[in-house]
Amino acid sequence: MFKQRLISFPLLLFLAFLVVFSADWGPYIFMVLAVPVTLSAILESCIIARKLNLSVHWRLALLAGILIFLKYGIGAKFPGVAAWLPDLALTAVLFFTVTMLQMLFVSEEKRLSAAAGAITTPGVLIFALLPLMCLMRIYFEYGALIFLSLVLATKASDTGGYIFGMLSAKLMKNGNHKIVPSISPKKSWEGTIGGAVFSIAVAALLVHYNCIKLGAIELVIFGFLAFLGSFAGDLTESQLKRVAGIKDSGSWIPGMGGILDVIDSFIYNAPLFYLALQKGVIVCQ
């Protein structure tokens, strides 16, 4: 797994920097990459829901997801595209209309499943789309550097946790100290501390290089919260996977798993970071 990550991680990092520092092509590369990422996240969420014995309309989820993605994601860059698409309320009405009509044409045994799917599917969409939509809005509304700041501060937690956790497991006589082995067997206190240190260090670098505007105490708080959100997001997805009886949400990315396995650290960070930007708590330079 470590060798596979040595290939996958630099490639993902290269794509991220290409999106950020390519002024002319960056937004278009971002949108091209966002399409398969969004669709894969929705499909993986549907698979997890079905593993949990929850009914889900995956075809309608994809259709509704595409409409929401175009309206509130791509629409941030191209308002003309968004103007032709139904808003969230109309999309929801269309979704429930189709599910209700579907129940008229299925057998009585399947009606309960169809009705349950009408309730479950929106939850699946929120889980998959909310972090992705917030990341897109941050990129298009606040610029590539502020987007990179969130990505680096968040992923620093994953990187620091992985490095410190792996080293402590090998170097400590009795292994490292696990936090919640029933949910995430590999998470340790040593790795968690390493993740927090990495996130705060990256936050300091971001302030130093004028990516974001924060005071000394504020950058420590920002780095720690980026770590905390990443940690909580990872545990959230780990719990879902453990209950569903799967190790990874997918196998798209060698050594890392599926799309949800990569973006899980943004489940809380992306919406909260976007809110902080809107409220002026975090200021771009």
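The values are calculated or read from the model by the stated rules, or taken from the named source; none is laboratory data. All of these numbers come straight from a predicted model, not from anything done at the bench. Positions of Cβ are generated from backbone atoms using ideal geometry, with glycine treated the same way; all protein chains shown enter the neighbour counts. Areas reflect the complete protein model, heavy atoms only, side chains present, ligands, DNA and RNA absent. Shrake-Rupley method; radii C 1.70, N 1.55, O 1.52, S 1.80 Å.
Note down all Cβ pairs under 8 Å where the first residue falls in the stretch 81-107 and is modelled with pLDDT under 85, the second is open to solvent by 80 Å² or more (accessible area, probe 1.4 Å) and basic (Lys, Arg), and they're at least six residues apart or on different chains.
103/111
Please enumerate the residues belonging to the stretch 118-162 that are modelled with pLDDT of 90 or more and touching a His at 6+ places or on another chain (Cβ under 8 Å).
121
Condition check: in contact with a helix residue (DSSP H, G or I) (Cβ under 9 Å, 6 or more places away or on another chain) and closer than 30 Å to residue 277 by Cα. Does residue 218 satisfy that?
Here the answer is yes, as residue 218 does meet what is asked.
Filter the stretch 18-47 down to the residues that are assigned to a loop (DSSP other than H, G, I, E, B) and either in contact with a Pro (Cβ under 7 Å, 6 or more places away or on another chain) or of a type outside the set (A, V, I, L, M) (or both), then identify the one that is most open to solvent (accessible area, probe 1.4 Å).
That would be 25.
Can you report the number of residues in the stretch 230-268 which are of a type in the set (D, E, K, R) and surrounded by fewer than 21 Cβ atoms within 10 Å (Cβ to Cβ)?
Matching residues across the stretch 230-268 total 3.
Taking the stated definitions as given, is residue 115 under 27 Å from the mean Cα position of the chain (by Cα) and either open to solvent by less than 80 Å² (accessible area, probe 1.4 Å) or of a type in the set (Asp, Glu) (or both)?
Spelling it out, it is not the case that residue 115 is under 27 Å from the mean Cα position of the chain (by Cα) and either open to solvent by less than 80 Å² (accessible area, probe 1.4 Å) or of a type in the set (Asp, Glu) (or both).
When residue 175 is evaluated against the numbered criteria (1) over 30 Å from residue 31 (Cβ atoms); (2) open to solvent by less than 30 Å² (accessible area, probe 1.4 Å); (3) touching a residue at least 24 places away in the same chain (Cβ under 8 Å); (4) not hydroxyl-bearing (Ser, Thr, Tyr), which criterion, by number, is the only one it fails?
(3)
Go through the stretch 180-191 and give me each residue that's in contact with a helix residue (DSSP H, G or I) (Cβ under 6 Å, 6 or more places away or on another chain) and open to solvent by 20 Å² or more (accessible area, probe 1.4 Å).
Hits for the stretch 180-191 are 183, 190.
What number goes with the only condition from (1) closer than 24 Å to residue 132 by Cα; (2) surrounded by fewer than 21 Cβ atoms within 10 Å (Cβ to Cβ); (3) at pLDDT below 85; (4) small (Gly, Ala, Ser) that residue 215 does not pass?
(1)
Name the single residue, out of those in the stretch 48-80 being over 15 Å from residue 38 (Cβ atoms), surrounded by fewer than 18 Cβ atoms within 10 Å (Cβ to Cβ) and hydrophobic (A, V, I, L, M, F, W, C), that is modelled with the highest pLDDT.
Filtering first and then ranking leaves 52.
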